[in-house]
Amino acid sequence: MSVVQIVTIIGSIPLFSLRTFLPAFLTTLLLSYPEYFPGLENVPPIPEEAFISRDWVLITLGALSLLEIIGDKSTEIRNLLKNAETYLKPIFFLAINLSLLDETSVEVLQEVQWAAFDPLWILLAFGSLLVHWLATVRKDFLDFLEDIDEDDNLFIGRITSWIEDSLVVFGFLLLIWTGILMVILYTVAIAFFLFMRKRHDRKIEEQMLVCPNCGAKNLPFAVKCVNCKELQPKIYAIGIFGQKKEKLVSNIQKHQLNLISHRKCTDCGNKLESNRLFQNCHFCGNAHFQSPTVKEFIKNQDKKFYKIAGLSFLLGFVPVIGFLTSAVLANIYLFSPYRRYIPKGSSFLTKLFIKFLTFLFFLLGIALGFIAAPAYIVLRYTIWKKKFTSRAGKPADSPARNNEV
């Protein structure tokens with residue numbers, strides 16, 4: 001086992017933890033057509049009879065990479081695949097790295113006994129486990145970003161996806177030219193990310209407030225204790241991204257309506273597991289939408305709608321920027337609170353239709369924003385409100401059905 005093989009295997013670990021097919025496609029492309037890569041024009045390609053160099057393998061991996069890049073920009077597709085990716089990525093990592101073994105190593109591996117613990121197998125097994133672990137860390141990070149911007153209103157998910165694509169391509173080229181430097185850089189980057197994650201977890205822990213009645217720890221925007229259900233003396237307001245604001249709550253019902261908008265329990269403030277309207281919090285057992293009710297929540301959303309629709313008319317007189325500002329405000333304060341209670345699969349076609357309308361309204365908003373912005377908000381608000389109210393009347397979302405479960 002050569003130093004080059006060791007560096008290649010270790011260096012490909014972070015690449016496969018970010019993407020499943022793109023690193024595999026780039027590796028296959030390099031081995032089949034090294035002349036396409038700067039500085040490798042004189043490197044001979046691998047033999048045509050090698051499995052990894054076959055045209056159909058290259059075409060298949062290229063198509064899958066393209067679908068992966070496009071699909072990762074969609075919140076629905078990303079959420080659908082992120083659980084499976086933690087297992088697919090180590091499998092592809094192992095398959096591609098086994099294909100990189102030279103003929104001598106292959107002959108040795110064909111005859112080696114498992115009890116001999118060949119170092120290469122140990123390295124590949126360690127690498128596969130590390131890819132799985134890093135992919136799981138990435139999934140947790142994406143879940144954290146989704147809590148901040150669940151519907152990608154601020155394009156956080158899309159920007160993150162493009163950054164990951166760039167890191168894979170950049171990391172692959174760096175691995176070819178200076179493999180050891182790439183390993184060092186990505187090791188430092190992963191260590192920094194884990195440090196920031198622990199720092200965030202520590203900050204959340206520090207924000208927890210102790211219940212004076214029973215001593216249990218509660219979120220800073222909890223109305224009642226998660227353990228003894230006692231009303232908390234200090235209740236902090238919740239921000240638009242679900243963060244703690246340095247402001248104490250004066251109107252509890254208004255605060256609870258804000259918690260509902262974030263799909264959080266109106267008592268303990270924890271995130272609700274399901275997108276069903278009527279459910280019991282898995283932390284404190286509180287019945288969701290018992291108080292405030294669905295009607296009170298819709299009435300509160302309607303008040304926001306009138307304010308933002310009026311504001312959008314004024315903002316519409318500012319070309320482009322006015323329309324975009326209105327769209328972002330409406331997404332955060334009007335549409336997302338409804339969308340969080342609608343299954344992502346059932347709203348996929350609706351979102352495609354809305355994206356088409358958004359494009360048309362955006363074109364109109366370049367010159368006639370004072371018309372396009374309010375019309376855009378009225379149309380989208382009507383669509384999401386109708387889908388939300390239809391779920392409120394479904395048997396699966398009724399309080400009676402919830403109590404049976």
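Nothing in this text is a laboratory measurement; each read-out follows from the coordinates by a stated rule. These numbers come from a predicted model, not from an experiment. Note that each Cβ is placed from the backbone with ideal geometry, even for glycine, and that neighbours are counted across all protein chains shown.
The table below lists the values:
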{"quantity": "The stretch 235-335: trypsin sites (Lys or Arg not before Pro) falling in loop per DSSP and having at most 13 other Cβ within 10 Å", "calculated": "none"}
{"quantity": "Residues Glu230, Glu35, Glu206, Glu85 arranged by fewest to most Cβ contacts within 10 Å", "calculated": "Glu206, Glu35, Glu230, Glu85"}
{"quantity": "C-alpha center-to-center spacing [the stretch 172-239, the stretch 249-276] in angstrom", "calculated": "20 Å"}
{"quantity": "Among Gly269, Asn227, Asn213 the positive-end extreme of the charge dipole of the stretch 208-292 (Cβ point charges)", "calculated": "Gly269"}
{"quantity": "Cα-based convex hull volume of the stretch 208-292 per residue, rounded to whole Å³", "calculated": "82 Å³"}
{"quantity": "Listed residue pairs exceeding 22 Å between alpha carbons, taken from Lys203/Lys271; Lys271/Lys303; Lys73/Lys307; Lys217/Lys245; Lys224/Lys387; Lys73/Lys303", "calculated": "Lys271/Lys303; Lys73/Lys307; Lys224/Lys387; Lys73/Lys303"}
{"quantity": "Only Lys, Arg (+1) and Asp, Glu (-1) charged, at Cβ; the stretch 183-340 dipole about Cα centre in debye", "calculated": "60 debye"}
{"quantity": "Ranked list, fewest to most other Cβ atoms within 10 Å of each Cβ, for Asp302, Asp201", "calculated": "Asp201, Asp302"}
